[in-house]
1. Being basic (Lys, Arg) and closer than 23 Å to Leu23 by Cβ is true for just one of Arg107, Arg123, Arg82, Arg102. Which residue is that?
2. Can you tell me which condition Val70 does not meet? The list is (1) within 20 Å of Gly120 (Cα to Cα); (2) touching a His at 6+ places or on another chain (Cβ under 9 Å), and all the others hold.
3. Which of the numbered conditions does Ala117 fail, given that it passes all the others? Conditions: (1) within 16 Å of the chain's Cα centre (by Cα); (2) at pLDDT below 95.
4. For the stretch 69-85, how many residues are within 18 Å of the chain's Cα centre (by Cα) and open to solvent by less than 50 Å² (accessible area, probe 1.4 Å)?
5. Write out, first by first residue and then by second, each pair whose Cβ atoms fall under 6 Å of each other, whose residues are 6+ apart or on separate chains, and whose first residue, in the stretch 67-80, is farther than 12 Å from Leu92 by Cα while the second is of a type in the set (A, V, I, L, M) and open to solvent by 20 Å² or more (accessible area, probe 1.4 Å).
6. Which residue out of Val122, Val101, Val39 is outside any strand (DSSP E or B) and open to solvent by less than 90 Å² (accessible area, probe 1.4 Å)?
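The values are calculated or read from the model by the stated rules, or taken from the named source; none is laboratory data. What you see is a predicted model; the values in this text were computed from it and never measured. Methodologically, a virtual Cβ is constructed for each residue, glycine included, from the backbone with ideal geometry; neighbour enumeration extends over all protein chains shown. For the accessible areas, the whole protein counts, side chains as well, though only heavy atoms, and no ligand, DNA or RNA atoms are used. Shrake-Rupley method; radii C 1.70, N 1.55, O 1.52, S 1.80 Å.
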Amino acid sequence: MLASTARQGPPETVRQAAAVETLRRRLADPEGDMAAFVVERPGGLAACAVGTIEHRIGGPADPTGRTGYVFSVATDPDLRRRGHSRACVEALPGWFRARGVRRIDLRASAEAEPLYASLGFVRTPDPAMRLTL
């Protein structure tokens, strides 16, 4: 699944090694601020969804400043439309709630938006912007 998310950047082997190291380190702590929920298949994964807790200064809508973020939701192409990604994403709110997170953000592709909407996610008025350094 890492290969299916390839974008411009370092060579694939370098990018994958860095991603694997980050996941191993951050997922090793059961009380940490990152979790991954997966559906396994023989020889690997059928689907996954990763969540992390972002820490910001609290405000009126979120006094704790703790916001959940869902990313890396993926299903192997030959196993799509079977509820695997849904199962992975459905597991994340309970994990976030147990850590005091009350708001969860994500970015949805047009293809995935119906899934997230069916789980209660709604569009926000704030478009995302990015500066790459």
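1. Numbers: Arg123 fails: closer than 23 Å to Leu23 by Cβ; Arg82 fails: closer than 23 Å to Leu23 by Cβ; Arg102 fails: closer than 23 Å to Leu23 by Cβ.
Checking each option against the conditions leaves just Arg107.
2. The one condition Val70 does not meet is (2).
3. Result: Ala117 fails condition (2) only.
4. Counting residues in the stretch 69-85 that are within 18 Å of the chain's Cα centre (by Cα) and open to solvent by less than 50 Å² (accessible area, probe 1.4 Å) gives 8.
5. Every condition considered, the pairs that remain are Ala74/Met1.
6. Details: Val122 fails: open to solvent by less than 90 Å² (accessible area, probe 1.4 Å); Val39 fails: outside any strand (DSSP E or B).
Of Val122, Val101, Val39, the one residue that is outside any strand (DSSP E or B) and open to solvent by less than 90 Å² (accessible area, probe 1.4 Å) is Val101.
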